[in-house]
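Trainee: Pasting in a structure now, in structure tokens, and then I'll have a few things to ask.
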Amino acid sequence: MAVSAYAALLSLTHVLDNVQHPTRRHRLLVDINRIQILQEKVNFLRDFLEVHSQGKSQQVEDLARQIVVVADEAEDIIDSHVVDQLRDGSRDQSHATITTSSFCQDIDKVIEKIDLIKKDLMIVKEEWGDVQEQKPVASASVRSSSSGKNTMVGFDEHLLRIIDELTRDESNLQILPIVGMGGIGKTTLARNAFDHPYVVNRFDICIWFTISQVYNVREILLHYLNDGKDEESNESLARLGEKLHKKLFGRRYLIVMDDVWSTKAWDDFSLFFPNNGNGSRVLMTTRLSKVGGSLGTHNPYLMDFLNEEKSWNLLCEKVFGQNDCPYSELEKVGKDIAKGCKGLPIAIVVISGLLARTDMKQERWEHIARNVASFASSKDNRHCLEILSLSYNNLPIHLKPCFLYMSAFPEDSKIKVSRLIKLWVANGYSKPERGKNLEEIAMEYLEDLIDRNLILISERTDGGKIRSCSIHDLLRNLCLRESKKEHLFRVSKTQRIRILPQEKNVCFTCGERASPQESIDVPEILVGSRSTLVASGLVCDTCKRKHQHLDIFRWVKLFGQSCEKLRQHTKLRLIDVRTSVFWYRTLSKFEFVPSSSIPLLWNLQTLLIDGSGANVKKRPIVVPSKVWEMPQLRHIVMDLGFLPTPVDTQDTITLENLQTLSTMHNFRCTKEVFERIPNLKKLKARYLNVKDWSFYCLHNLAHLHRLESLSLIAEDLLLEKTAFPTSLKRLSLSKCRIPWGHITIIGSLLPNLEVLKLLNNAFRGSEWSPVEGQFPRLKVLFISDSDLVSWRADDFHFPHLESLFLRLMHKLEEIPSGIGHIETLRSIHLNKCSELVVNSAKQILEEQSSYGNELEVRVDRKKVSVDDS
């Protein structure tokens, strides 16, 4: 229960911070002295758990349960008191005095309870003796890489054999299953074969399907046919299957079906795979020998455990970044650790993450070796989870809630990092640090978990940042087990669950309108934190009756017509709402709650409104001006929204926490508006039918001194009436039709610019001649759908360029040869460009290859080799 207690204390800490620093028109009537006393008590409990949570003392477990109860009670008291004041708005002094007096009495009772817990904790501390806080020691230490690359140490022989099976001269469709236990490296082997240049060049089309135990054939096909975009479609499964069949017909294809658990999965997909008689292949991974044996054209490929030598080599590669150990005193104990993993790659990788973050001292490694040996010698099939538990138990407590949260996402999910960070922050998992915002802290937590090999990088952005992440199945199972043990929350695939009184935190699928299969296959599983009802889809009457004690929404996602039912469901409970995130889909206007009640959502942090499925396409969603009275807002993200200019008052509210505004329709950038959002980091706006650009005051953008990302979709934008802040790192312009000669305005005023995207005729004209010294830090350049013909550039114009993306460049004569001379250039990506552009890219590739330089060139997503140039 220590993790739940710590999470509850963190959540309470954020509430106390909000109360002590109110930035609203009506000051809250609270006794600040009492709040500060309570804060000090909470800080003591939190600090105690940070130091002493590793122990398995029953006394600490019992006290942790008490901490959860008292922290929840304190948060309830404060929330109720604040909402009462916001709801009543009463100026009656006598009523306010009575309310405040009752509030003080309740807080005093909470403080008394904490004092009793503190007294018991001090007794436990004395019984344990002095426990030194675990801090980094100044000694040799090596950090593991977080590049996301899957190391193939010990798998070279497997890889060559798989490639041989895939490319041998057999014309009929062949099915090759890779069979082995979870975590043995089946997916890693399949992925490396899938990405191998020889395989890529062999097949006309390569497709990767992740199946898992629970899958939805239609959703998988739709996701692939939409190029990975989560777009809505009413097409039937038969129609989607027909599309796939046509795409594959007559072409030599490779399909990977990863993580297959039944022969039914093959039956569901195979009817869409034509046997073209041209050497097409299906590569399948499964844990079940029976499935592999019954589906394989020949005998399945069986994955063996790594031997001791390969296990040690893999451990060295993960810990030290080389195939041997640089510390002689650690070699023997290190080999014992590798041996204790019994050849299971996932166990070696995870333990390596622990070792890489541990002091390079023999006694520390010996301690880990003793535990690994005891776990590995167990005959229980759960021995791998026990090994993985070692890494979990060694996590600092501030990382444990974040790690356990990963179990809320479906198996094999690619989790968007931007969404994950918002959810961690919404649940209060970021411990406040001076000089950092909560999102930055949460991102550091994620990077730490990646470095420990507990979370995997799935995809990076054009600029190299982590776009999406994932977690291994075995690690997710560990999270599920530990979450249940901690009572942090429980995950269920159906609403037909019995919730115990202590299990107020539940993640389940609610689907009144969903089919039985869809009700357990919703791709967006949502998580709540403390007293939170979580639903994916519609919150039906059955769930409302069954889970009526879960009366506080912290994370809600709705689809289609469910918006109206949620409004009816929550209308009478708004006084108790402590919502951190609302997400609406297919709304044409903002109606979920009366405008006057919006300020009651005093903890609202993130508002996500997706109108992409609305009947009236591109119609802006009008957001009530009351949102300007919600100081905790951090992100407002819409498909297209209109945010009215705030009303001028004597006592204005500054939204100091607001970081994201996207996508705003005809947004007026007045100085008064920007004074209310001084810390905005990301702004995306679309302008239509503009007659007078001066009305929108785009010159005031220069006053957003913390703005890092700006995206403008603006037809015929007048750049001379626009000013950009020097803090910008990412700039995207679309449909602006600015003369190429004016791009010097951007280059000369944005010294920190790293990513520049010029989309859909952002600039017009046939010639672009950059000026030296204007893009000193640019790393990524993306040009799309331009009438550019002659681009006269050299290496000194973009001295730090790493990636060049060109799309729909039909008129461009060539990529300047000087671009290839940029020392930092790593990749050129072309999509639907002219043959002249493709040939110039191939010439650059050939030239750089002759110099021994590494350069990746992709044409329509297919990697080009030197032999092709």
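Trainee: What are the ³J(HN,Hα) couplings of region 417-428, residue after residue, when phi is run through the Karplus curve with 6.51, -1.76, 1.60 and θ = phi - 60°? Round to Hz, x for glycine and proline.
Mentor: 5, 4, 6, 4, 4, 4, 5, 4, 5, 4, 8, x
Trainee: Still on this structure, please answer the following. Mean separation of Cα pairs under 8 Å and 6+ residues apart, divided by the residue count of region 649-703: what relative contact order is that in percent?
Mentor: 43 percent.
Trainee: Further, regarding this structure: Which residues does the label zone of VAL690 cover in region 630-671, counting backbone N under 14 Å from a point 7 Å along Cα→Cβ?
Mentor: 664-670, by backbone N distance to the label point.
Trainee: Continuing with this model, one more query. When a footprinting reagent is the concern and you count Cβ atoms within 10 Å, what order do VAL199, VAL179, VAL214 take, fewest first?
Mentor: Lowest count first: VAL214, VAL199, VAL179.
Trainee: Skipping prolines and chain starts, which residues have an amide H placed within reach, meaning under 5 Å, of the one on VAL256, given they are 5 or more residues away or on another chain?
Mentor: ILE207, TRP208, PHE209, LEU283
Trainee: Sticking with this structure for a sec: Say each of GLU835 and ARG676 gets a label point 7 Å from the Cα, pointing the same way as Cα to Cβ; how far apart are those two points in nm?
Mentor: The modelled label-to-label distance comes out at 5.8 nm.
Trainee: Taking θ = phi - 60°, what integer Hz values does the Karplus form 6.51 cos²θ - 1.76 cosθ + 1.60 yield along region 753-768, in sequence order, with x for Gly and Pro?
Mentor: Taking θ as phi minus 60°, the curve returns 5, 10, 10, 10, 10, 10, 10, 6, 6, 4, 10, 10, x, 9, 9, 9 Hz for region 753-768.
Trainee: So who's got an amide H within less than 5 Å of the one on SER458, skipping anything under 5 residues away but keeping other chains? H placed 1.01 Å off N, in plane.
Mentor: Here the answer is SER468, CYS469, SER470, since their amide H atoms fall under 5 Å of that of SER458.
Trainee: Moving on to the next point. For TRP208 and SER101, compute 0.36 nm times the residue count separating them, minus their Cα-Cα distance, and round to one decimal in nm.
Mentor: 32.2 nm
Trainee: Which entries in the list LYS247/LYS682; LYS186/LYS339; LYS332/LYS431; LYS735/LYS779 go over 32 Å, if you measure between the two C-alpha atoms of each?
Mentor: Listed pairs above 32 Å: LYS247/LYS682; LYS332/LYS431.
Trainee: Which ³J(HN,Hα) values, rounded to whole Hz and listed in residue order, are derived for region 656-662 from phi using the Karplus coefficients 6.51, -1.76 and 1.60 in 6.51 cos²θ - 1.76 cosθ + 1.60 with θ = phi - 60°, glycine and proline given as x?
Mentor: Rounded to whole hertz, the list is 5, 8, 5, 10, 10, 10, 7.
Trainee: Anything over 24 Å Cα to Cα? Flag those among LYS671/LYS721; LYS243/LYS757; LYS41/LYS125; LYS422/LYS863; LYS361/LYS484; LYS290/LYS416, in the order listed.
Mentor: Among LYS671/LYS721; LYS243/LYS757; LYS41/LYS125; LYS422/LYS863; LYS361/LYS484; LYS290/LYS416, the Cα-Cα distance tops 24 Å for LYS243/LYS757; LYS422/LYS863; LYS361/LYS484; LYS290/LYS416.
Trainee: Rounded, prolate or oblate: which fits region 400-485 when a ≥ b ≥ c are the square roots of the eigenvalues of the alpha-carbon gyration tensor, with rounded for a/c under 1.5 and prolate only if a/b beats b/c?
Mentor: Since a/c reaches 1.5 but b/c is at least a/b, the shape of region 400-485 is classed as oblate.
Trainee: Counting other C-beta atoms within 10 Å, which of CYS206, CYS402 has the fewest, and how do the rest follow?
Mentor: CYS206, CYS402
Rule-based calculations on the coordinates, nothing more; no lab input. Everything numeric in this text was worked out from a predicted model, so none of it was measured. Methodologically, a virtual Cβ is constructed for each residue, glycine included, from the backbone with ideal geometry; neighbour enumeration extends over all protein chains shown.
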